[in-house]
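The values are calculated or read from the model by the stated rules, or taken from the named source; none is laboratory data. Owing to the predicted nature of the structure, the values given are computational and were not obtained by experimental measurement. Glycine gets a Cβ as well: all are built from the backbone with ideal geometry, and neighbour counts include every protein chain shown.
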Amino acid sequence: MAIETKNLQVKYGDKLILKNVNFKVDRGEIVTIIGPNGSGKSTLIKALSRFIKAYSGKIYLNGRDIYTIPTKEIAREMAILPQVKHVSADITVENLVSYGRYPHLKFGKRLDKNHKEIITWAIEKTGLSKLKNRYIGTLSGGERQRAWIAMALAQKPNILILDEPTTYLDISYQLEVLELVKELNESLKITVIMVLHDLNQAARYSDKIYVLKSGESCQYGRPDRILEKKLLKDVFRIDAHIYEDKVNNCPYFIPHKII
Amino acid sequence: MRKATLLIIFVLLAVISFFISVGVGAVKIGPVDIARSILYEKDTVNYQIIWNVRLPRTIVAALVGICLALSGAILQGIMRNPLAGPNIIGVSSGGGFFAYIILIIFPQYYYLVPIGAFLGALFATLFIYSLAWKQGALPTRLVLAGVAVSSLFSAGTNTLMAFFPDRVHGVLGFMVGGLSAITWQDFRMILPYAILGIILILFLPNKLNILMLGDEVATGLGIKVEKTRFIFIIISSLLAGAAVSVVGLLGFVGLIVPHIVRLFIGSDYRYLFPGAIFFGASLVMICDTLARTLFAPAEIPVGIIMSALGAPFFLYLLRKKEAM
């Protein structure tokens, strides 16, 4: 078990956002969290990435309580790409990627040859070799997202957490990012946990889908079990037709109307 | 490579500024004579002038520049706000208010002004921080709390001035910032903090670079965001407080120096910190030289020169760089 939560509750101020979440991810899986706006998807991601503290319940990383593990040690095991991230336009791609080595650096030490090889590897793996000396400010949205993924890769994580990695991207860049994520999962056996808004993309790229509704888990399973008429009606309030995508071997749906 | 070249230029600038600052005045002394007096000649008139008058003032000017520039550079980083400066965390207003209390109400204890200003600066920072704290101190809340607390202290200062109008003249020098009566005593006051600042740049630029990526990314990379931010704010407050206590309210340096250096050298703190050190030192040394020589024998406060020259130069750079 890579990540597991037990009776997880999370509060924002007085408001209970996650009510009782039991979430499990096995090693090597791609798990996508879906749910309507306000269902607690991002909150769950933030709790898993120890950015928000749990109000009650437990979060386990490889079987260990996440709050007992030193934060730098977690960063060597698990990389996170949140929705909100900033970067100065005058930082180069290589520079940004090199920050991924921070959790592996001892206090006051500099990046040696070994670190630099990993940085180069992460840049190659994300197809950014030609752009490595470019300033972030000059990149397209898709290239920028790949640069962030390269930074996460430079952490050499076993688990990668992505909060809406395709938001604000054109459709081709969306596929590019998701293909990259899938490729990393297959070639490096990285466990992936992500939030997606596009349910068809979730069905296509995930091993399992976790459905949240008002802070509670309502379904968890393989895409063909999740993408069903009844669930789409109950959770997303839409009437939809389900089809099968024979090319990608996954279900997809077309919404007809709001219920 | 280009960044390294720029850094060397900043270092050269600081060296040149040093020789101009020590050499120019009622008696002009050339660079060779300066070096000779500092290194081995002990019994000349030049030696007396340099060691007793010029050198303490030049060195303190440089250290003040270093402290304020580093303080501003840190704050702009952790607040992710290019307009952040020592004023934002109440260093100027807090330090100023405490200094005014001493200068106006207890003028007989004028020698306590440095320590009072220093404590005031630190107190204001902690006050702002505790006001902004709510499960963490977000940069926006810090900025807002800073603005509010600053105007509170300003109100206090103005009240003092309204009640003791006859004593206002004596505090004018402190208000605009000046280096006219600097001695080796002031040097000893500010030195520890400047050293602290320089040690800092050797160890902490990576942390600040990562903090700039946002709280969530920084957490993901294994940084304890709140703790790190608090440490940086305290260091920043110490640096600016030390500078303010010696020269008065010269906060403007802390705003523009990091900005100017950033325009040239970029936002990577591994280069920005050393750049800010050398450029901050150069700028204050040069402005102070102008302050005491432009209308010699009369002297105008360095703060006035700084704003009068610094602001237009800064705006010029900003527009030029934007156009590029």
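Scanning segment A:88-137 for residues that are of a type in the set (D, E, K, R), surrounded by 15 or more Cβ atoms within 10 Å (Cβ to Cβ) and closer than 22 Å to B:S267 by Cβ gives A:D90, A:E94, A:R101, A:K132, A:R134. Taking the listed residues A:K15, A:K11, A:K85, A:K46, the one that is surrounded by 14 or more Cβ atoms within 10 Å (Cβ to Cβ), of a type in the set (K, R) and more than 19 Å from the chain's Cα centre (by Cα) is A:K11, with no other qualifying. When you scan segment B:130-137, do you find a residue that is out of contact with any Pro (no Cβ under 6 Å at 6 or more places or on another chain), touching a residue at least 40 places away in the same chain (Cβ under 8 Å) and not in a loop (DSSP other than H, G, I, E, B), even just one? No, the conditions are met nowhere in segment B:130-137. Could you tell me whether B:P258 is surrounded by fewer than 24 Cβ atoms within 10 Å (Cβ to Cβ) and not hydrophobic (A, V, I, L, M, F, W, C)? No; evaluated as a whole, the condition is false for this residue.
In segment A:37-53, of all residues being under 15 Å from A:I3 (Cα atoms) and in contact with a Leu (Cβ under 8 Å, 6 or more places away or on another chain), the one that is nearest to the other protein chains (Cβ to nearest Cβ) corresponds to A:A47. Within segment B:31-38, is even one residue farther than 21 Å from B:V284 by Cα and either surrounded by 17 or more Cβ atoms within 10 Å (Cβ to Cβ) or in contact with a helix residue (DSSP H, G or I) (Cβ under 6 Å, 6 or more places away or on another chain) (or both)? Within segment B:31-38 (the criterion being farther than 21 Å from B:V284 by Cα and either surrounded by 17 or more Cβ atoms within 10 Å (Cβ to Cβ) or in contact with a helix residue (DSSP H, G or I) (Cβ under 6 Å, 6 or more places away or on another chain) (or both)), the answer is yes, since at least one residue qualifies.
Number of residues in segment B:117-162 that are of a type in the set (F, W, Y) and more than 18 Å from B:V225 (Cβ to Cβ): the value is 4.
Scanning segment A:170-191 for residues that are assigned to a helix (DSSP H, G or I), of a type in the set (S, T, Y) and surrounded by 12 or more Cβ atoms within 10 Å (Cβ to Cβ) yields a count of 1. Applying the criterion of being farther than 18 Å from B:G177 by Cβ, more than 14 Å from chain A (Cβ to nearest Cβ) and part of a loop (DSSP other than H, G, I, E, B) to the residues of segment B:46-88, the residue that is farthest from the chain's Cα centre (by Cα) is B:L83. Residues in segment A:99-123 that are outside any loop (DSSP other than H, G, I, E, B), within 12 Å of another protein chain (Cβ to nearest Cβ) and farther than 13 Å from A:K156 by Cβ: A:Y99 only. Every test in (1) surrounded by 21 or more Cβ atoms within 10 Å (Cβ to Cβ); (2) under 18 Å from A:F23 (Cβ atoms); (3) touching a Cys at 6+ places or on another chain (Cβ under 7 Å); (4) hydrophobic (A, V, I, L, M, F, W, C) is passed by A:L196 save one, and that test is (3). Going through (1) exposed (fewer than 15 other Cβ atoms within 10 Å of the Cβ); (2) more than 14 Å from every other protein chain (Cβ to nearest Cβ); (3) farther than 30 Å from B:L131 by Cα one by one, B:G178 falls short only on (1). For segment A:124-153, the set of residues classified as within 14 Å of another protein chain (Cβ to nearest Cβ) and in a helix (DSSP H, G or I) consists of A:I136, A:G137, A:T138, A:R144, A:Q145, A:A147, A:W148, A:I149, A:A150, A:M151, A:A152, A:L153, listed by residue number. Return the residues of segment A:242-259 that are in a strand (DSSP E or B) and more than 18 Å from A:R222 (Cα to Cα); say none if nothing qualifies. Within segment A:242-259, A:I254, A:P255, A:H256, A:K257, A:I258 qualify. Note on segment A:8-57: residues that are touching a Ser or Thr at 6+ places or on another chain (Cβ under 8 Å), small (G, A, S) and assigned to a strand (DSSP E or B) amount to 1. Filtered by the rule that a residue be buried (at least 17 other Cβ atoms within 10 Å of the Cβ) and modelled with pLDDT of 90 or more, segment A:214-225 gives A:Y220, A:P223. Looking at this structure, is B:I190 within 14 Å of chain A (Cβ to nearest Cβ) and either in contact with a Leu (Cβ under 9 Å, 6 or more places away or on another chain) or under 29 Å from B:Y269 (Cα atoms) (or both)? When the stated conditions are applied, B:I190 does not pass them.
Conditions (1) in contact with a Lys or Arg (Cβ under 8 Å, 6 or more places away or on another chain); (2) at pLDDT 90 or above, marked per residue:
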| site | (1), (2) |
| --- | --- |
| B:G214 | yes, no |
| B:V246 | no, no |
| B:F252 | no, no |
| B:I256 | no, no |
| B:I260 | no, no |
| B:S267 | no, no |
| B:V284 | no, yes |
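Whenever a residue of segment A:68-82 is within 21 Å of A:I149 (Cβ to Cβ) and at the interface with chain B (Cβ under 8 Å from one of its Cβ atoms), its partners that are surrounded by 17 or more Cβ atoms within 10 Å (Cβ to Cβ) and of a type in the set (D, E), lying with C-beta atoms within less than 6 angstrom and at least six residues away or across chains, give the pairs A:P82/A:D163; A:P82/B:E216.
Results for (1) among the aliphatic types (A, V, I, L, M); (2) more than 14 Å from B:L255 (Cβ to Cβ); (3) modelled with pLDDT under 85, shown as yes or no for each residue.
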{"residue": "B:D43", "(1), (2), (3)": "no, yes, yes"}
{"residue": "B:I49", "(1), (2), (3)": "yes, yes, yes"}
{"residue": "B:I66", "(1), (2), (3)": "yes, yes, no"}
{"residue": "B:L83", "(1), (2), (3)": "yes, no, yes"}
{"residue": "B:P86", "(1), (2), (3)": "no, no, yes"}
{"residue": "B:G95", "(1), (2), (3)": "no, yes, yes"}
{"residue": "B:I115", "(1), (2), (3)": "yes, yes, yes"}
